[in-house]
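Enquirer: First the structure, which I've put down as structure tokens, then a few questions once you've had a look.
The numbers here are math on the coordinates, done by the rules we state, and not lab data. In this text, all values refer to a predicted model and were calculated from it rather than measured experimentally. Glycine gets a Cβ as well: all are built from the backbone with ideal geometry, and neighbour counts include every protein chain shown.
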Amino acid sequence: MAADFTNTLVIGISSRALFDLEDENAIFHEKGVDEYRAFQYANENVVLEKGTAFHLVESLLNLNKFADSNERLVEVIIMSRNSPDTGLRILNSIKHYNLDITRAAFAGGKQLSPYLDAFQVDLFLTKDEKDVQAAIDSKSCAAAAIYGHPLRYESDKNTVRIAFDADAVIFSEDSELIYKTKGLAKFHENEKRMADKPLKEGPFGKLLKTLSKLQSKINIEDSPIRLAIVTARSGPAHERVIKTLREWGVYVDEAFFLGGMSKDQVLKAFNAHIFFDDQEVHLEKASKVVPSSRVPYPSDSKLRKV
């Protein structure tokens, strides 16, 4: 019987995002595929260390304990450019950590982005910039390039905590383009004038809506999902954000309108399992305290020319 993921959050996760494979990746690039294959064979039963997205995946899979017996709230699919034989070490490590992952795609060196629709992926996390860009350009799902694991990060074991930037992530890039080309005063003027007009959906808009539905589906008093917006916006530009979310029927637990303040300390206090932003200036600091990932602009984006 075909799997129905209509009401399931589907995460496509690359092996390098889930596990620490940086040494192995260096062998591949510096010594070639034969040396890499030999190394993976020799270490097939050596368990891989946890990668940047491990705690996020573990916490998301734990949400399935709140599901009815005949459904899954979250499905995670391991997606790797490894061949099936070199990928066995990855599967062995999944088994070691008792992660409830049963589906896998091993593309044998080819791009993974063409398979996102086939697996009905809602969010794709990887370290491969080309795969992320292809996913964003195709608009097949939310996609981001994940940074290295932050030092001294301790994840919340009981709650999934996901934080988003606003413009060019949850929402379209239209308002950010005004800010980048015309300045802060014109940006605020536009947002004040358009306060009652909902912002357009950005590359992560659909994912936020899916997470909000998942949050409401787990009908318990203390929700195991907390969603936050951490944005450089400030008053009066906050009003349009709040009214847009209301129009979308989306509930976020926390919102921080920082007006240009650094985001890292707020994210550290929120203790995010993952933070999504489009700008490296914010991610450079954020990635040192919480798992973070960059959402690239589409190839035809006007922001690329600014």
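Enquirer: Scanning the chain for trypsin sites (Lys or Arg not before Pro) in DSSP loops with at most 11 other Cβ atoms within 10 Å, what's the longest stretch left with none?
Expert: Answer from the scan: 158-306.
Enquirer: Looking only at Glu49, Glu191, Glu75, which one moves most when the chain is put into a Gaussian network model with springs between Cα atoms under 10 Å?
Expert: Top of the fluctuation ranking is Glu49.
Enquirer: Output ³J(HN,Hα) for region 168-177: one whole-Hz value per residue in order, computed from phi by the Karplus curve 6.51 cos²θ - 1.76 cosθ + 1.60 with θ = phi - 60°, and x for Gly and Pro.
Expert: Here the 3J(HN,Hα) series is 6, 10, 6, 9, 5, 8, 4, 5, 5, 5 Hz.
Enquirer: If the viscosity is 1.306 mPa s and the temperature 10 °C, what Stokes-Einstein diffusion coefficient in µm²/s follows for region 9-146 when Rh is the Kirkwood radius over Cα pairs? Walk me through the numbers on the way to the answer.
Expert: Numbers: Rh = 15.3 Å.
In µm²/s, the coefficient rounds to 104.
Enquirer: Over the chain, with a Gaussian network built from C-alpha contacts below 10 Å, which listed residue (Asn25, Asn92, Asn82) shows the highest mean-square fluctuation?
Expert: Among Asn25, Asn92, Asn82, the largest mean-square fluctuation in the Gaussian network model of the chain belongs to Asn25.
Enquirer: Which shape class applies to the chain: rounded if a/c is under 1.5, otherwise prolate when a/b exceeds b/c and oblate if not, where a ≥ b ≥ c are the square roots of the Cα gyration tensor eigenvalues?
Expert: On the way: a/c = 1.87, a/b = 1.50, b/c = 1.25.
Prolate is the answer for the chain, as a/c is 1.5 or above and a/b outweighs b/c.
Enquirer: Okay, next question. Can you flag which of Lys65/Lys200; Lys180/Lys209; Lys206/Lys268; Lys157/Lys197 are past 31 Å Cα-Cα?
Expert: On the way: Lys65/Lys200 34 Å; Lys180/Lys209 27 Å; Lys206/Lys268 25 Å; Lys157/Lys197 38 Å.
As for pairs spanning more than 31 Å Cα to Cα, those are Lys65/Lys200; Lys157/Lys197.
Enquirer: Now, a different point. What is the local net charge at Glu176, summed over the other residues whose Cβ is closer than 9 Å to its Cβ (Lys, Arg +1; Asp, Glu -1)? Can you show the working numbers first?
Expert: Values: positive: Lys180; negative: Asp167, Glu173, Asp174, Asp278.
My count for the surroundings of Glu176 gives -3.
Enquirer: What does the charge add up to near Tyr153, with Lys and Arg as +1, Asp and Glu as -1, over the other residues with Cβ less than 11 Å from its Cβ?
Expert: Counting the neighbours of Tyr153, the net charge comes to +2.
Enquirer: Just how large is the dipole of the chain about the Cα centre, in debye to the nearest 20, putting +1 at every Lys and Arg Cβ and -1 at every Asp and Glu Cβ? Provide the component values of the computation, followed by the final result.
Expert: Numbers: 41 positive and 45 negative charges, 155 e Å.
Roughly 740 debye for the chain.
Enquirer: Could you please rank Val57, Val252, Val295, placing first whichever residue has the fewest other Cβ atoms within 10 Å of its Cβ?
Expert: Details: Val57 26, Val252 20, Val295 23.
By the 10 Å Cβ count, ascending: Val252, Val295, Val57.
Enquirer: Which of Met194, Val266, Ala135 sits closest to the plus end of the dipole of the chain, meaning its Cα is farthest towards the positive end, when Lys and Arg get +1 and Asp and Glu get -1 on the C-beta?
Expert: Met194
Enquirer: Right, another one. Using the Karplus curve 6.51 cos²θ - 1.76 cosθ + 1.60 with θ = phi - 60°, work out ³J(HN,Hα) for each residue of region 148-158 in order, rounded to whole Hz, and write x for Gly and Pro.
Expert: x, 5, x, 6, 6, 8, 10, 7, 6, 7, 10
Enquirer: Region 17-54 to region 126-153: how many Å between their Cα centroids?
Expert: So the two Cα centres are separated by 19 Å.
Enquirer: Would you mind estimating how fast region 151-268 diffuses translationally, via Stokes-Einstein at 4 °C and 1.567 mPa s with the Kirkwood radius over Cα pairs, in µm²/s?
Expert: Numbers: Rh = 15.1 Å.
Using the Kirkwood radius from Cα pairs, D works out to 86 µm²/s.
Enquirer: Summing -39500 (n - 2.57) over the DSSP H runs of n ≥ 4 in the chain and dividing by its residue number, what mean residue ellipticity at 222 nm do you reach, to the nearest 500 deg cm²/dmol? Walk me through the numbers before you get to the answer.
Expert: Numbers: 12 runs with 109 residues, N = 306.
Helix contribution divided over all residues of the chain: -10000 deg cm²/dmol.
Enquirer: While we're here: Fewest first, what order do Ser175, Ser212 take by the number of other Cβ atoms within 10 Å? Kindly include the intermediate steps, with their values, before the conclusion.
Expert: Working: Ser175 22, Ser212 18.
The most exposed by this proxy come first: Ser212, Ser175.
Enquirer: Put +1 on the Cβ of each Lys and Arg and -1 on the Cβ of each Asp and Glu in the chain; which of Phe28, Ile101, Val76 then has its Cα farthest toward the positive end of the dipole?
Expert: Val76
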